[in-house]
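Only one structure is covered here, and it is reproduced in the block below.
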Amino acid sequence: MKITAIGLDLAKNVFQVHGVDERGHALVKKTLKRAQLAAFFASVPACLVGMEACSGAHFWARKLQGFGHTVRLISPQFVRPYVKSNKTDAADAAAICEAVTRPDMRFVPIKSIESQGLLVLHRARQGFIRSRVAQTNQVRGFLAEFGIIIPQDAENALPGTVRELLLQLVAHVRYAHEQEQLLEARIKRWHKDNEASSRLAQIPGIGPLTASALVASIGDVSAFRNGRQLAAWLGLVPRQHSTGGKAHLLGISRRGDSYLRTLLTHGARSVIICAKQKPGYEQSWLGRLLKRKHHNVVVCALANHNARVVWALLKHDRQYRADFSPQAA
């Protein structure tokens, strides 16, 4: 019998493989070392391979695609219901194999090596920002122990050891800020050279950082059937608890990438601040919405709207137009 689907449980050094035929009968149950994995898939006829979307998954997905396999990445939360009995590597591989063959399963887009490289820059930049903010707060806390409140107290009587320590901490804050600026400059250079990212930056509330992160994270936009699916993937739609035909909407789900969601919501806040200063603001869509809804609700609504516009621009290869209407299209 021919293997038609394989579930691959990823790890650092030991990988579990579970292969089935077209009837679902198990044909392969193997434990492979890292050095053996590529050779195994090179010898297996092209088939469907499923993996959990975790560390290293995109690397192995690209590598197995090079062998002619059709690779699908699945969110771990969608694999968990298929795990039988106790959790083991073999049970996980079997569950992945079962999940990847479901016709209505949702998959994670496979990122290119260029997209992964850009997202590494974004994550490193965020790491320096967190380090800078944490170190700054620590310095403020140390000074507060001596009754000094920045920037109100100019004169102080700090011990020499504390002064030396604070100079060292401030130097670390400056270094983190410099590295943050260098990484941001590299991201902006990538954004300038990327046509899709430049088009997204035309949307109000989306700048080079948000546009580049969206393009790198989304990858193939055809993986989403419509803009609402993209907004749901970003966690910008309400959670539901519906039963008996009665729809009960809760707060936004906050699923997906929190970094992308943060960029979009902060961009929406800036748009609202600027819109309030324009004439005719109260008659605009934002103005009317703010009269009826809480400010934070409007921020999420605008972020959701921008996510749908992002999908439309990427899907149909269009430029942003502020006066665009579906009827005219």
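The values are calculated or read from the model by the stated rules, or taken from the named source; none is laboratory data. Keep in mind the model is a prediction, meaning the values are calculated, not measured. Virtual Cβ from ideal backbone geometry, glycine too; neighbours counted across all protein chains shown.
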Of the residues VAL173, VAL215, only one is assigned by TED's automatic domain parsing to the domain that holds GLY117 and surrounded by 14 or more Cβ atoms within 10 Å (Cβ to Cβ); which?
VAL173
Evaluation of ALA42 against (1) over 21 Å from THR101 (Cβ atoms); (2) touching a helix residue (DSSP H, G or I) at 6+ places or on another chain (Cβ under 7 Å) (one fails), failing number
(2)
Inside the range 67-81, the number of residues satisfying the requirement of being touching a helix residue (DSSP H, G or I) at 6+ places or on another chain (Cβ under 8 Å), under 24 Å from PHE41 (Cα atoms) and either in the same structural domain as ARG225 (by TED's automatic domain parsing) or part of a helix (DSSP H, G or I) (or both) is 1
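Name the strands (runs of 3 or more DSSP E) wholly inside the range 1-66 in which the number of residues that are aliphatic (A, V, I, L, M) and farther than 11 Å from ALA93 by Cα is 3 or more. Let's see the steps before the verdict.
Values: elements: 5-9, 14-20, 26-33, 48-52.
Counting at least 3 such residues, we get 26-33.
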Please verify whether the range 160-183 includes one or more residues that are among the basic types (Lys, Arg), at pLDDT below 90 and under 30 Å from ALA144 (Cα atoms).
yes
Residue count, the range 252-277, condition surrounded by 10 or more Cβ atoms within 10 Å (Cβ to Cβ), on the phi < 0 side of the Ramachandran plot and not in a helix (DSSP H, G or I), comes to 5
If a residue has to be within 16 Å of GLY117 (Cα to Cα) and polar (S, T, N, Q) to count, how many in the range 196-216 make the cut?
3
In the range 246-268, anything under 19 Å from HIS295 (Cβ atoms), hydroxyl-bearing (Ser, Thr, Tyr) and in contact (Cβ under 8 Å) with a residue 24 or more places away in the chain is listed as THR265
Mind counting the residues in the range 93-108 that are under 22 Å from the mean Cα position of the chain (by Cα), surrounded by fewer than 19 Cβ atoms within 10 Å (Cβ to Cβ) and not charged (D, E, K, R)?
2
Anything in the range 278-304 that is surrounded by 13 or more Cβ atoms within 10 Å (Cβ to Cβ) and touching a residue at least 12 places away in the same chain (Cβ under 8 Å)? List them, or say none.
LEU286, GLY287, LEU289, LEU290, VAL298, VAL299, CYS300, ALA301, LEU302, ALA303, ASN304
